[in-house]
Protein chains: 2
Amino acid sequence: MKKIYTFLMCLAILHAAKAQDNKLIKASMNKVRLEFMLDAEGKPVYSVYYGEKPVIKPSALGFTLANDSAFDKHFELTGSEQTSVDETWKPVWGEVSSIRNHYQQVTIHLKQKDSPNRLMNIVFRVFEYGVGFRYEFPKQPNLKYFVVSNELTGFNMAGDHKTFWIPGDYDTNEYPYTTSKISEIDNRQLVASSTDIAVRVAPDAYAVQTPLMMKTADGLYINIHEAGLVNFPAMQLHVDRSNYQLTASLVPAPTGNKAYVHAPFKSPWRTIIVTDNAADILTSKLILNLNDPSKIENTSWIKPMKFVGVWWEMQTGKGTWNYSNDADSLDAKGQLIPNGTHSANTANVKKYIDFAAANGIQGVLVEGWNVGWEDWFGNWKENVFSFVTPYPDFDVKELTQYAGSKGVHIIMHNETSGSATDYERQMDTAYRFMNKYGYTSVKTGYVGKIIPRGEHHDGQWMVQHYVRVAQKAADYHVMLDAHEPVRPTGLQRTYPNWMASEAGRGNEYNAFSTGSKPEHETIMPFTRLMGGPMDYTPGIFRIKGYSNVPDRQVHTTLAKQLALYITIYSPLQMAADLPENYEKHMDAFQFIKDVAVDWDDTKILEAEPGDYITIARKAKGTSDWFIGAVTDENNRDESLSLNFLDKGKKYVAIIYADADNADWKENPEAYQIKKYLVDANTKLNLKLAKGGGAAVSIKPATSEDKGLKLYK
Amino acid sequence: MKKIYTFLMCLAILHAAKAQDNKLIKASMNKVRLEFMLDAEGKPVYSVYYGEKPVIKPSALGFTLANDSAFDKHFELTGSEQTSVDETWKPVWGEVSSIRNHYQQVTIHLKQKDSPNRLMNIVFRVFEYGVGFRYEFPKQPNLKYFVVSNELTGFNMAGDHKTFWIPGDYDTNEYPYTTSKISEIDNRQLVASSTDIAVRVAPDAYAVQTPLMMKTADGLYINIHEAGLVNFPAMQLHVDRSNYQLTASLVPAPTGNKAYVHAPFKSPWRTIIVTDNAADILTSKLILNLNDPSKIENTSWIKPMKFVGVWWEMQTGKGTWNYSNDADSLDAKGQLIPNGTHSANTANVKKYIDFAAANGIQGVLVEGWNVGWEDWFGNWKENVFSFVTPYPDFDVKELTQYAGSKGVHIIMHNETSGSATDYERQMDTAYRFMNKYGYTSVKTGYVGKIIPRGEHHDGQWMVQHYVRVAQKAADYHVMLDAHEPVRPTGLQRTYPNWMASEAGRGNEYNAFSTGSKPEHETIMPFTRLMGGPMDYTPGIFRIKGYSNVPDRQVHTTLAKQLALYITIYSPLQMAADLPENYEKHMDAFQFIKDVAVDWDDTKILEAEPGDYITIARKAKGTSDWFIGAVTDENNRDESLSLNFLDKGKKYVAIIYADADNADWKENPEAYQIKKYLVDANTKLNLKLAKGGGAAVSIKPATSEDKGLKLYK
């Protein structure tokens, strides 16, 4: 985040002084308008409009505090300020190389009318496509430490919108999405039946996670989430189904309270993105813009990459994480008796290194390398893994040397089993070990109930834990890919070494559960991905027929798996299938070899949540473009204008498409690859099979390509 | 604990095979008899007798498990074994140099009659003066991980005994003792009024802490506690006041459950010490004997010592722990503005080092040396202190050098404010810092509500934390003095670097609260001290008249403060008062200079809980004896036989006694010192003032002492 070239227009228009309590305060940008006032009881209330359409009807703001029962009303307005900001900044990596941050800011200064006259500010930022706001507790004599018992923030919707939701679970975001009206939200059945999710705690039948995606009957797209979640619990939304009112519901601490706060304090931002066009939801950088700039000074060691991994073979039952079948399976010397199925053995890892090196893949993730996997899950056990002790058949020294000689990095794996206390004890030791053996990135995991017992994955303490891990990793120049953390809120801007998270329902569910519907990947970018990159683990070529999970099938076509490299963004992007499966389709694998993981530009060509998404991206520092198109269970014909290409320039397009007879269910692995010359005038027709997709690479044509046919 | 010379008699009498469910199983040693049987419902029941007197009437055993609602009954006896052990071992330090461990052991093997046929063993050890028993969960197919929801162990007393109790509080043992009948126990008023105790959580009005001391109408002394508390919550006792029944009440986790257990598992020992003589309660080594031998191989670096400290001056308001008056009190450079009252400054610490060096005191504790004290208490704040960052006026390098040049060690202070998670993060760094600067011991502190939030000082997680700290300290060859931990249970045998704990109401309460009654120190050895040494901080010479706490007074005479060095044992023993207060009474301070902290032998000369205690101890590796005698609010004349001295040998006794007109309230600092020749035939008369005491040093006479008068 260094060397940002910024031009900042900052006009401070101070409206301070005169406090008129019932004054309506407004701010707008383009079609988006924010209104704020104190109601008759002195309660702060806001509303949001898009043109003349109400987006958020007058809704509550504020908190109830455990140590101040009167903090929810009787406020007076002591002043307000408006500021306009227009700046541009450059992310270390991302979907675009440069981000405009343009907003109108209103700061509302509130004070309790009665003693102890506590202060709270509300800061609104109005963007072209939405509003962000947060609460600030300035330094003040009568509110130093306080306990948030509830957040009152409301989002009163103007109608019974169509929503794409998952249950408001304190410990997981890995549910499949349900599409329903607000009035139909009820998570009980889904929670009860989702037995493949390790830990489920969803006490409120009418609570949903954010990002919550909605579509209104009159054509608005609304997305509610939060930005910059640090030192506070995650916000879920409680749904009043009769009145279409959503209310912030914070994930509790073991005490039942929500947050322990020390003023001065700024809450995370509550975000409302609103457009009349689904594509603009995906383009929005509102959440990133609301996050703080990088806290890491030197970011030169942070490098997006693709990786393969010793992982899918365990998911599909070919191998195991554990070295022995039982922690008690010991030989006469007290050593574990090997089960013969342990995947993370030196010879096998070398095969992955060889494959990666041969195909220009920079990383090899190895799971199951360290002791503890015989008895790691489901017992709320505090001391599970050592993060510096390999199994006897994993020669860390030799593998480091071998990978290094091939220009490949092994990616560390630290599964904590949810025991965050134990991970914190071992972190320094673990990261020193990574530095010693040349590991430049780590995948963490939190599969299991959290320790400290009573804490939740998405509560304040764990939110701080993930940040601590990102900071500690940065201290050691280690890139982070966090699995099972709280869902992201744009913190990748502040900690650009926190490259990706899982925090959602990844491709793995197609291996170990009944899977996800074909529409899943058309919803994810509008929900989970709004907060940040996801390690979704795309690239499965062998769609079904795994001997150990014969009843399982990835709900996709092979071509769609390629499209995901574009439609589901991550700077750490896995090619998740086994080398032997790729080797049968090296023509298709060429796309994965070619595709970038860091981008100068991104165009959302078409998008509709639940139906389809088509995205084109320009690889960083090149003239190459890549397109990904995915559809739901329906087939789809697309005609795409390539008018984003440089005018007058010829390009070679390689089209990786579903075969004409492809079908996610019956014939998923059938694909066709075609190569043409294209230019800015080309209208590219893509035929997506049911549950299918298409991927296209577009590179400037060279003299060698002259013989190619121009695409018509 | 190395080089133990042990002679072990081990007779295994196997009664296995024949399982007769209603069989009465007995074991006895001298007057103590244990009986065990399964009742008609298959519930395990035990009772204890002393001669023909019932000590524990038939009482319940076992647990309820969260994952097995039927675990409390329907057991069958599958076998039992009896063993006799008589061995002797040598503690690294202690009240005696050699400890006999002589017991009769019965192991009861129980099995659920019905599926899942889970197994539990109960192991009883019957000693000359009591019984210890614990539960063992052997490795078994159907009980691997389990959750203890309650312990059922009962202690049904045979009458409405006199008890010496403090409230069963999850977070503190710092209450004053109440003497009452069992039927009168009700902790509510005391809990409510004890506002000087930082954290009080005592939800059960009828719960008390252990060690619980009792005296029966027919002259028995009974003490109930536990031994070897690791990986389990502390046991408190719920009191059924009508039936005189005590029931184990475990301190809960934030979830409400009590313990998370992984079989094979052995619970802590439940201990019942019973005698017909109060002195034998204090002599008993039952609790130490039930603990595991040292886990530390090389113990040569563990050295008992006396110390002074920059501490009492803060307690009495002369100085402050904090360097600035407010965390926000910053100068233009953002540095804290000093308040001028910070005690842990280089010049002041040097004064203490000088005093220690001049008087043969080995250690100087310095509290308030590290940043964080401006805002450390009462806000359940997670990140409070740095354990490696001194205040600007504390020159750690210079002081290390200065202390070293004088042969004195500075004692590290790590107050955690209850934030155990943060201490665990910093522990390695903190201990490396100690090693670097030559600190050989650390005083830890846990003043405040525990983080992880919802955990308690005495719950399973914190119990493990204290053990982790002791282990980590041992790794770095650091001795530990833990303040505000769970009360000790003899773990100083297993971790002999865990020299002392506070875990009780120390002398400090006489400075910052209304204080403790004169009887307090006659109860402590029967209660808190039963589990292990206490850092009580004796040696206050200036009893009252502190200008900043003019209304406070230590409830003692000066002579009694000297006696405490004998009656309240600790291998880390503080001389707690200020050097300038000692300098006014260097004749009395001579006793503190002379007194030992490690002993070859100990004789309890007289004892009655709540009334008086007189103890003689023989300093390790010498022929010197030291006597301490304390009384309650009543004055007392004692006549002590010195028949423990070597026959035919002359000794010089220096008697530090209350002056004739001394009185704890009106004239506490009046004392007299007399010197005589004594021998094994001497009957020493000591006159203890109201709230007073006496101390005596006895050393072999030399030729120089020939002119001394023989004591008559």
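The values are calculated or read from the model by the stated rules, or taken from the named source; none is laboratory data. Values in this document were obtained by computation on a predicted structure and should not be read as measured data. When we count neighbours, we look across all protein chains shown, and the Cβ atoms used for this are built from the backbone with ideal geometry, even at glycine. Ligands, DNA and RNA are stripped out before the accessible areas are found, and what is left, the full protein with its side chains, is counted by its heavy atoms. Shrake-Rupley method; radii C 1.70, N 1.55, O 1.52, S 1.80 Å.
Being more than 19 Å from B:ALA27 (Cβ to Cβ) and touching a Ser or Thr at 6+ places or on another chain (Cβ under 7 Å) is a description that applies to B:ASN150.
The residue that is farthest from the other protein chains (Cβ to nearest Cβ), counting only those in the stretch A:249-258 that are surrounded by 24 or more Cβ atoms within 10 Å (Cβ to Cβ) and of a type in the set (A, V, I, L, M), is A:VAL251.
Note on the stretch B:219-229: residues that are outside any strand (DSSP E or B) and farther than 18 Å from B:HIS457 by Cβ amount to 3. Considering the stretch A:403-420, and only residues there that are part of a loop (DSSP other than H, G, I, E, B) and open to solvent by 40 Å² or more (accessible area, probe 1.4 Å), the residue that is nearest to A:GLY454 (Cα to Cα) turns out to be A:GLY407. Being out of contact with any Leu (no Cβ under 9 Å at 6 or more places or on another chain), more than 29 Å from A:TYR495 (Cα to Cα) and within 14 Å of chain B (Cβ to nearest Cβ) is a description that does not apply to A:PRO58. Can you pull out every residue in the stretch B:203-215 that is open to solvent by 20 Å² or more (accessible area, probe 1.4 Å) and over 19 Å from B:ILE523 (Cβ atoms)? Of everything in the stretch B:203-215, those that are open to solvent by 20 Å² or more (accessible area, probe 1.4 Å) and over 19 Å from B:ILE523 (Cβ atoms) turn out to be B:PRO203, B:ASP204, B:TYR206.
The set of residues from the stretch B:535-552 being at negative phi and without any contact (Cβ under 8 Å) to a residue 40 or more places away in the chain comprises B:TYR536, B:PRO538, B:PRO550, B:ASP551. Just checking, does the stretch A:407-416 include any residue being within 14 Å of another protein chain (Cβ to nearest Cβ) and free of Cβ contacts under 8 Å to residues at least 60 places away in the same chain? No. Here B:PHE355 meets each of (1) more than 14 Å from chain A (Cβ to nearest Cβ); (2) closer than 30 Å to B:ARG425 by Cα with one exception, condition (2). Looking at this structure, is A:VAL486 in a helix (DSSP H, G or I), buried (at least 22 other Cβ atoms within 10 Å of the Cβ), under 23 Å from the mean Cα position of the chain (by Cα) and not acidic (Asp, Glu)? Judged against the criteria, A:VAL486 is not a match.
Only residues that are open to solvent by 10 Å² or more (accessible area, probe 1.4 Å) and touching a strand residue (DSSP E or B) at 6+ places or on another chain (Cβ under 8 Å) were counted in the stretch B:66-84, giving 12.
Which ones in the stretch B:136-178 are open to solvent by 30 Å² or more (accessible area, probe 1.4 Å), over 26 Å from B:MET462 (Cα atoms) and of a type outside the set (Ser, Thr, Tyr)? Result: B:PRO141, B:ASN142, B:ALA158, B:ASP160, B:LYS162.
Okay, residues lined up against (1) open to solvent by 10 Å² or more (accessible area, probe 1.4 Å); (2) modelled with pLDDT under 95; (3) in a strand (DSSP E or B):
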{"residue": "A:ALA217", "(1), (2), (3)": "yes, no, no"}
{"residue": "A:ASN231", "(1), (2), (3)": "yes, no, no"}
{"residue": "A:LEU237", "(1), (2), (3)": "no, no, yes"}
{"residue": "A:SER242", "(1), (2), (3)": "yes, no, no"}
{"residue": "A:THR247", "(1), (2), (3)": "yes, no, yes"}
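Evaluation of A:GLU382 against the conditions (1) free of Cβ contacts under 8 Å to residues at least 60 places away in the same chain; (2) in a loop (DSSP other than H, G, I, E, B); (3) touching a helix residue (DSSP H, G or I) at 6+ places or on another chain (Cβ under 6 Å) shows that the sole unmet condition is (1).
Is the stretch A:514-522 home to any residue that is assigned to a helix (DSSP H, G or I), surrounded by fewer than 24 Cβ atoms within 10 Å (Cβ to Cβ) and modelled with pLDDT under 95? No, every residue in the stretch A:514-522 fails to be assigned to a helix (DSSP H, G or I), surrounded by fewer than 24 Cβ atoms within 10 Å (Cβ to Cβ) and modelled with pLDDT under 95. If you check B:TYR175, B:TYR170 for being in contact (Cβ under 8 Å) with a residue 24 or more places away in the chain, within 14 Å of chain A (Cβ to nearest Cβ), closer than 28 Å to B:GLY454 by Cα and in a loop (DSSP other than H, G, I, E, B), only one passes: B:TYR170.
Kindly indicate the residue of the stretch A:259-312 that is within 30 Å of A:SER547 (Cα to Cα) and open to solvent by less than 10 Å² (accessible area, probe 1.4 Å) and also nearest to the other protein chains (Cβ to nearest Cβ) among those meeting that condition. If we take residues in the stretch A:259-312 being within 30 Å of A:SER547 (Cα to Cα) and open to solvent by less than 10 Å² (accessible area, probe 1.4 Å), then A:TRP311 is nearest to the other protein chains (Cβ to nearest Cβ).
Is it fair to say A:THR400 is in a helix (DSSP H, G or I), out of contact with any strand residue (DSSP E or B) (no Cβ under 8 Å at 6 or more places or on another chain) and either within 14 Å of another protein chain (Cβ to nearest Cβ) or open to solvent by 10 Å² or more (accessible area, probe 1.4 Å) (or both)? Taking the combined requirement at face value, the residue does not satisfy it. Quick check, is A:TYR546 aromatic (Phe, Trp, Tyr) and under 23 Å from A:LYS318 (Cβ atoms)? So A:TYR546 fits the description; yes. Can you say whether B:ALA202 is within 24 Å of the chain's Cα centre (by Cα), farther than 30 Å from B:THR107 by Cβ and not in a strand (DSSP E or B), as far as the supplied structure shows? So B:ALA202 fits the description; yes.
Condition check ((1) surrounded by 17 or more Cβ atoms within 10 Å (Cβ to Cβ); (2) touching a helix residue (DSSP H, G or I) at 6+ places or on another chain (Cβ under 9 Å); (3) in a strand (DSSP E or B)) across all residues:
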position	(1), (2), (3)
B:ASP637	no, no, yes
B:LEU640	yes, no, yes
B:GLY648	no, no, no
B:ALA657	yes, yes, yes
B:ASN661	no, no, no
B:LYS665	no, no, no
B:GLN672	no, yes, yes
B:TYR676	yes, no, yes
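Taking the stretch A:47-106, which residues are part of a loop (DSSP other than H, G, I, E, B) and more than 30 Å from A:THR299 (Cβ to Cβ)? Hits for the stretch A:47-106 are A:GLY51, A:GLU52, A:LEU61, A:GLY62, A:ALA66, A:ASN67, A:SER69, A:ALA70, A:PHE71, A:ASP72, A:LYS73, A:HIS74. For the stretch A:348-364, the set of residues classified as open to solvent by less than 10 Å² (accessible area, probe 1.4 Å) and in a loop (DSSP other than H, G, I, E, B) consists of A:ILE361 only. Would you pick out the residues in the stretch A:682-710 that are of a type outside the set (S, T, N, Q), within 36 Å of the chain's Cα centre (by Cα) and assigned to a loop (DSSP other than H, G, I, E, B)? Within the stretch A:682-710, A:ALA689, A:LYS690, A:GLY691, A:GLY692, A:ALA701 meet the criteria. Within the stretch B:367-379, restricting attention to residues that are assigned to a loop (DSSP other than H, G, I, E, B) and of a type in the set (Phe, Trp, Tyr), the residue that is least open to solvent (accessible area, probe 1.4 Å) is B:TRP369. The listed residues are A:LYS350, A:LYS258, and the only one of them that is touching a residue at least 60 places away in the same chain (Cβ under 8 Å), at negative phi and of a type outside the set (Phe, Trp, Tyr) turns out to be A:LYS258. Applying the criterion of being facing chain A (nearest Cβ under 9 Å) and farther than 13 Å from B:PHE387 by Cα to the residues of the stretch B:421-452, the residue that is surrounded by the fewest Cβ atoms within 10 Å (Cβ to Cβ) is B:ILE451.
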